[in-house]
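Presented below is the structure to which this report refers.
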Amino acid sequence: MSEVEERLGAMGMAVPPVAAPVAAYVPAVEHGGLVYTSGQLPFIEGALPEKGKVGAEVPRDDAIEFAAFAGLNALAAIKSVIGDLDRVTRVVKVTVYVASAPDFTEQPLVANGVSEMLGLAFGDAGTHVRAAVGVAVLPLDSPVEVDLIVAYE
């Protein structure tokens, strides 16, 4: 088990098996020392824990947790390409999409779910740039979706 996965385990989290794509794409691609993930949903044991819009059907605090789960699924996609998360030298960019009720404006707080998890898992290498984007709807009516770009050796 990698040191990154041990730190996640100490937080009560685990990198799951890589999620099967729900359409015509691959979970992650390596190019030029970077790994780019496809958007990852917060699947837990193959299912979405909740569906709907954050700020309406889905409470903000649940969405924060779901952003972390989506981030764990993104880490699984990265691991499937490079084999060991300890090879990650930097989390470069995080994009968090939040299916938002029309008056919901706390997308940055939802995105903190994944950002804080990555900081604890990778330490200084987990510091990243980020976009938190409110959208009308996400695939499968998921409340959040996350994609990552990481550098590795």
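The values are calculated or read from the model by the stated rules, or taken from the named source; none is laboratory data. The model shown is predicted, which means the values in this text are computed figures rather than measured ones. Using ideal geometry, Cβ is built from the backbone for each residue, glycine included, and neighbour counts are taken over all protein chains shown. Just so you know, the surface numbers come from the protein's heavy atoms only, side chains and all, with ligands and any DNA or RNA stripped out. Shrake-Rupley method; radii C 1.70, N 1.55, O 1.52, S 1.80 Å.
Based on this model, can you work out whether G83 counts as over 14 Å from the mean Cα position of the chain (by Cα), closer than 19 Å to L148 by Cβ and free of Cβ contacts under 8 Å to residues at least 60 places away in the same chain?
yes
Applying the condition of being touching a residue at least 60 places away in the same chain (Cβ under 8 Å) and over 15 Å from the mean Cα position of the chain (by Cα) to region 6-29 and asking which residue is most open to solvent (accessible area, probe 1.4 Å) yields R7.
On the stretch given as region 80-120, residues that are surrounded by fewer than 23 Cβ atoms within 10 Å (Cβ to Cβ) and aromatic (F, W, Y) total 1.
Could you identify the single residue in P143, P139 that is over 22 Å from L34 (Cα atoms), under 14 Å from the mean Cα position of the chain (by Cα) and in contact (Cβ under 8 Å) with a residue 60 or more places away in the chain?
Step by step, each of P143, P139 is checked, and only P143 is over 22 Å from L34 (Cα atoms), under 14 Å from the mean Cα position of the chain (by Cα) and in contact (Cβ under 8 Å) with a residue 60 or more places away in the chain.
The single condition among (1) closer than 15 Å to V133 by Cβ; (2) in a loop (DSSP other than H, G, I, E, B) that G12 does not meet is (1). Of all the residues in region 112-136, those that are without any contact (Cβ under 8 Å) to a residue 60 or more places away in the chain and under 23 Å from A20 (Cα atoms) number 3. Of note, T105 does not satisfy the criterion of being out of contact with any Lys or Arg (no Cβ under 6 Å at 6 or more places or on another chain), farther than 18 Å from D61 by Cα, in contact (Cβ under 8 Å) with a residue 24 or more places away in the chain and not in a helix (DSSP H, G or I).
Can you tell me which residues in region 50-62 are open to solvent by 60 Å² or more (accessible area, probe 1.4 Å) and in a loop (DSSP other than H, G, I, E, B)?
K51, A56, E57, P59
Within region 121-144, the set of residues being outside any loop (DSSP other than H, G, I, E, B), open to solvent by 30 Å² or more (accessible area, probe 1.4 Å) and not small (G, A, S) comprises D124, V129, R130, V133, V135, P139, L140, D141.
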